[in-house]
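Heads up: the structure comes next, in structure tokens.
The values are calculated or read from the model by the stated rules, or taken from the named source; none is laboratory data. As the structure is a computational prediction, the values presented were derived from the model and not from experiment. So basically every Cβ, Gly included, is an ideal-geometry build from the backbone, and we count neighbours across all protein chains shown.
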Amino acid sequence: MENSIPKQDSNGHLAANEAAGFKQSNEDRFNFARSLHFKGEFDQAETIYLQLQKLEPWPQLSELLGILYLQGERYQEAIEQFKVCDQKNYSNADLLFNYGKCYSSLGGQEQAIELYGRALKLDPNHSNSVYNLANLYKGIEDFKRAKEYFKKDYELEPKVDTCCALGEIHERERDLDAALEMYYRGLEIEPNNPLPKLRISIALQKRNTSAPIIDFSEFNTIFKFCREIMSEFPDNAICYALLGDMYLLLGNLSESIAHMRKSIALDDTFATSHTALGCQLLMIGEFEEGFKEFYWHAQVTDYDTGTVARSVAGSTKKDWNGEVYAGMRLLVTSEQGIGDQILHFQCMPSLVAKGVRLIISVNHKLVPLFVRSFPDVEVYPDCYPIPDNVEDQVDFQTSILGLTQCLVRSLDDIVGVPRYLSACEEKKSQVAQRYLQYEGCLKVGISWSSNSTSTGSSKTIPLDWWHDLLSLEGVQFVSLQYGTVGEEIAEVNEKYHTNLIMDGVINITDDQDSFAALLENLDLVITISNATAHLCGALGVNTWTILSPAPLWHWFSEMEQSVWYPSMSLIRRSPHDHWKDVLDRMQTVLPQLASNKAAGVDLFAAVPEKFTPKKHWQ
């Protein structure tokens, strides 16, 4: 057996049974090099391995060199050594695992997956290959296979890391109950391990943020676990950020801000804490520091940055510093979602009045609406570069957030334009004709869901919970919900004998121009915080916007009327409320509006002030 190497005894000496054909000195040198390797004296071991490779065909030399290079993070050199083993048909599960680990470290997931799979063919219970394969599938978001291998790893040996990895996948799949089950299993394995405590706390925070009512017993668990972790690891920035989120949900902004500042003091690269602090400072009108911190949001992977059109526009002009003068030519590129674009572009009329020439990019769905509403502004879709001749005419550039950052330094700077977008008159007339049959009723549009990946679950109110409101006499409810909701509406109408209608002509999701015409034909819109709320506010439509206990910053804190939109009242859910409590409060007020509509008097006559938009105040 020309490729065999004699075994060592427990003292590292050659075993008595020498292999035929080997030079004794090379065997001794091999064993000596291996002992140096195991002691961590890599340079000397490498020198001897390389010398022996020139003299002997032993594949074990390549395997050990590969391991040595892997330990030194010399991955490409390790791969070359493992390839030699492959070429000599020398293989074992550990070798293939190490081979795969090199590719994984260099970003070669496909090769790593193949090699881990080969290792498992040789040894189906090779736990390291099972675990690494599971993590690779998790990394490429093949959650089905990842769960399969993590479960196998758990069967081989229940481990905290495996439980937490499975829990994280369930979180990504938005199954918090399954995630918590796995985290608690991990805690049973190691009751003092901080990892499952932290993961449980994060999952409970997510569940309470999106829950219809806060579970204060779960809050107590979060505080307990965070304090236990911080007693052992006082520099844990994540725990401080998590507690900051909890205080925000409880409505304690000062404590929330203090905890976010502490989190940043411990880790000034923690983008999540910077972004959260920015939002909270903006929420209390601290705009200068708030915007500075908020700009970290681009580094938070689950934050909805939307289309950042600056790079698409391709302008090379200088950033705008906020100076305004007649004749200045300013390019403003879109950022984030449709609602944010509508909100922040309300600054445009004041700039145009001062003689600024504006060139803007917006979501393509908004282009017709903006072209009509801002005849003195050049409007381009944000999915294409601006034309070269336009670039030549630009003096400065900024984003829509930059626009607000430069122009809004305090709450007093927010003018609150009553109506700065205009629907198409012809389309409005067409909608009015279709809705003549409801002329005697109070026409109320509703929107109940958000598809935002970062905040959608915290704002959405299941349509099933609206049924009492939808049963009111004298009110015709119209769905304003984007997305595929026909089946959901049909189920609620059949179950509760309600009559929520859908507009069969307008594509609410894609045709914002026609959607605006529909909104202007309604007496009132009740909506969660989404793009529909901003479009209603910009059109001057009477709106009740329902807010969660921790709303987006632009709704600020405690206000019952929007400072941006004079036609909008803000209906806030307190930390102790259920969403149904909020809907019940509106249900007590809507009959008065229906009565006013039937009597032909002011729609908000005798309506409580908190439900009466500012534009109706006398």
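Which one of L95, L120 is closer than 22 Å to D43 by Cα and hydrophobic (A, V, I, L, M, F, W, C)? Talk me through it step by step, then tell me what you get.
Details: L120 fails: closer than 22 Å to D43 by Cα.
Only one candidate qualifies: L95.
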Starting from the range 461-477, keep only residues that are under 14 Å from Y496 (Cα atoms), then list their pairs with residues that are of a type in the set (S, T, Y) and assigned to a helix (DSSP H, G or I) whose Cβ atoms are within a distance under 9 Å, requiring at least 6 positions of separation or different chains. D464/Y496; H467/Y496; D468/Y496; L470/Y496; S471/Y496
Residue identified as out of contact with any Leu (no Cβ under 7 Å at 6 or more places or on another chain), basic (K, R) and in contact (Cβ under 8 Å) with a residue 60 or more places away in the chain among R310, R227: R310
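Residues are listed down the side, and each one gets a yes or a no for (1) without any contact (Cβ under 8 Å) to a residue 60 or more places away in the chain; (2) within 30 Å of S210 (Cβ to Cβ); (3) surrounded by fewer than 14 Cβ atoms within 10 Å (Cβ to Cβ); (4) not assigned by TED's automatic domain parsing to the domain that holds T545:
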| residue | (1), (2), (3), (4) |
| --- | --- |
| D577 | no, yes, no, no |
| D581 | yes, yes, yes, no |
| R585 | yes, yes, no, no |
| T588 | yes, yes, yes, no |
| A594 | no, no, no, no |
| G600 | yes, no, yes, no |
| A606 | yes, no, yes, no |
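Take residues that are more than 16 Å from K459 (Cβ to Cβ) and tell me which of the strands (runs of 3 or more DSSP E) falling wholly in the range 524-616 contain 1 or more. Let's see the steps before the verdict.
On the way: elements: 524-528, 543-547, 568-572.
Here the list reads 524-528, 568-572.
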Strands (runs of 3 or more DSSP E) enclosed by the range 357-473 - at least 3 residues per element that are touching a helix residue (DSSP H, G or I) at 6+ places or on another chain (Cβ under 9 Å), under 27 Å from A550 (Cβ atoms) and assigned by TED's automatic domain parsing to the domain that holds N530: 442-447
Among residues belonging to the range 261-280 that are of a type in the set (A, V, I, L, M, F, W, C) and buried (at least 24 other Cβ atoms within 10 Å of the Cβ), point out the one that is farthest from T455 (Cα to Cα). L277
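If you check E168, E188, which single one turns out to be among the charged types (D, E, K, R), surrounded by 15 or more Cβ atoms within 10 Å (Cβ to Cβ) and within 30 Å of Y137 (Cα to Cα)? Give the derivation first.
Details: E188 fails: surrounded by 15 or more Cβ atoms within 10 Å (Cβ to Cβ).
Being among the charged types (D, E, K, R), surrounded by 15 or more Cβ atoms within 10 Å (Cβ to Cβ) and within 30 Å of Y137 (Cα to Cα) holds for just one of E168, E188, which is E168.
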For the range 342-379, which residues satisfy the criterion of being buried (at least 20 other Cβ atoms within 10 Å of the Cβ), closer than 18 Å to D510 by Cα and touching a residue at least 40 places away in the same chain (Cβ under 8 Å)? I342, S361, N363, L366, L369, F370
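Yes/no per residue for (1) among the acidic types (D, E); (2) assigned by TED's automatic domain parsing to the domain that holds W579; (3) closer than 30 Å to S557 by Cα:
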| position | (1), (2), (3) |
| --- | --- |
| P158 | no, no, no |
| C164 | no, no, no |
| R199 | no, no, yes |
| A203 | no, no, yes |
| D215 | yes, no, yes |
| M230 | no, no, yes |
| M246 | no, no, yes |
| A265 | no, no, yes |
| D268 | yes, no, yes |
Odd one out for F477, checked against (1) at pLDDT below 95; (2) in contact with a Gly (Cβ under 8 Å, 6 or more places away or on another chain); (3) surrounded by 18 or more Cβ atoms within 10 Å (Cβ to Cβ): (1)
F225 being surrounded by 19 or more Cβ atoms within 10 Å (Cβ to Cβ), closer than 25 Å to A112 by Cβ and over 21 Å from the mean Cα position of the chain (by Cα): no
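Restricting attention to the range 203-212, does a residue exist that is among the β-branched types (V, I, T) and surrounded by fewer than 16 Cβ atoms within 10 Å (Cβ to Cβ)?
The first filter runs over the range 203-212 and keeps only residues among the β-branched types (V, I, T), leaving 209.
Next cut, surrounded by fewer than 16 Cβ atoms within 10 Å (Cβ to Cβ) only: none.
No, the range 203-212 contains no residue that is among the β-branched types (V, I, T) and surrounded by fewer than 16 Cβ atoms within 10 Å (Cβ to Cβ).
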Residue count, the range 583-607 (criterion: in contact with a strand residue (DSSP E or B) (Cβ under 6 Å, 6 or more places away or on another chain) and farther than 14 Å from G474 by Cα): 0
Residues to consider are L518, L539, L469; find the one that is surrounded by fewer than 23 Cβ atoms within 10 Å (Cβ to Cβ) and among the aliphatic types (A, V, I, L, M). L469
Take the conditions part of a loop (DSSP other than H, G, I, E, B) and either touching a residue at least 60 places away in the same chain (Cβ under 8 Å) or of a type outside the set (S, T, N, Q) (or both) and apply them to G339. Does it pass? no
Would you check if R74 is farther than 30 Å from R174 by Cα, free of Cβ contacts under 8 Å to residues at least 24 places away in the same chain and of a type in the set (K, R)? yes
